Ligand code: SF4
């Protein structure tokens, strides 16, 4: 299944736009309770206005809140970014640290966020257990666990460490584009032959194809065409 996911989603990547560890850290904090698309709408202006950790540390709270408003929970998020900036300046010379233990001490940075940062800004393999990841690996019966840390441990034992980051992206892509929470596109899913949850969504091909999402929906449908043929 992991190999097939690489074939299905060759374009999988971190969908939060960023160029530096700081930008990715900020974007990941903002992605709580909202979509990556919404964060990407806000981030160009934010990154231009606050290019360094010191800029967040010294930010005018009202101005920052206004910029963050479209992402929801903007007061909490503004607070987290100001504190993040302050701690980075005080403890790390303004740089984002590249170790799990240090990242976890930063405001707004939980284990999931730390894994995103390590995997995508520092090249340290990490499994990102978000809502999609947790739903899919449970559907596949790779684990019965519900706690994200236990899910991370269970899946980590099944896969080579070097694959963790890309595997996470592929699973999240599959969750967003094919294996939806309420109506998974089982009839147009290339994992169907191995999936114990096949049938959780429509198995009728025409109905399932309509459920595929994203810019490569037609290619995703064509992949299963080839299998039927
Ligand atoms: S067969 Fe259905 S439940 Fe299984 S991975 Fe595909 S879409 Fe998800």
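The values are calculated or read from the model by the stated rules, or taken from the named source; none is laboratory data. All figures in this text were calculated on a predicted structure; none of them were measured in a lab. Please note: Cβ atoms are built from the backbone with ideal geometry, for glycine as well, and neighbour counts cover all protein chains shown.
Observations on the structure shown:
- Scope the range 114-137; condition surrounded by fewer than 20 Cβ atoms within 10 Å (Cβ to Cβ), over 11 Å from the mean Cα position of the chain (by Cα) and within 16 Å of the ligand (Cβ to nearest atom); matching residues: 135
- Considering residues of the range 174-192 that are assigned to a helix (DSSP H, G or I) and within 11 Å of the ligand (Cβ to nearest atom) only, the residue surrounded by the fewest Cβ atoms within 10 Å (Cβ to Cβ): 192
- Of all residues in the range 10-43, those satisfying the criterion of being surrounded by fewer than 21 Cβ atoms within 10 Å (Cβ to Cβ), in a helix (DSSP H, G or I) and free of Cβ contacts under 8 Å to residues at least 24 places away in the same chain are 36, 37.
- Every pair of residues 6+ apart whose Cβ atoms lie under 7 Å, when the first sits in the range 193-210 and is touching a residue at least 40 places away in the same chain (Cβ under 8 Å) and not assigned by TED's automatic domain parsing to the domain that holds residue 174 while the second is near the ligand (Cβ under 9 Å from one of its atoms) and assigned to a loop (DSSP other than H, G, I, E, B): none
- For the range 193-216, the candidate set comprises residues that are buried (at least 19 other Cβ atoms within 10 Å of the Cβ) and near the ligand (Cβ under 7 Å from one of its atoms); within that set, the residue that is farthest from residue 137 (Cα to Cα) is 201.
- A residue that is within 19 Å of residue 14 (Cα to Cα) and surrounded by 18 or more Cβ atoms within 10 Å (Cβ to Cβ) cannot be found anywhere in the range 83-92.
- Which numbered condition residue 140 misses (of (1) within 15 Å of the ligand (Cβ to nearest atom); (2) free of Cβ contacts under 8 Å to residues at least 60 places away in the same chain; (3) surrounded by fewer than 19 Cβ atoms within 10 Å (Cβ to Cβ)): (2)
- Residue check for residue 34: at pLDDT below 95 and in contact with a helix residue (DSSP H, G or I) (Cβ under 7 Å, 6 or more places away or on another chain): yes
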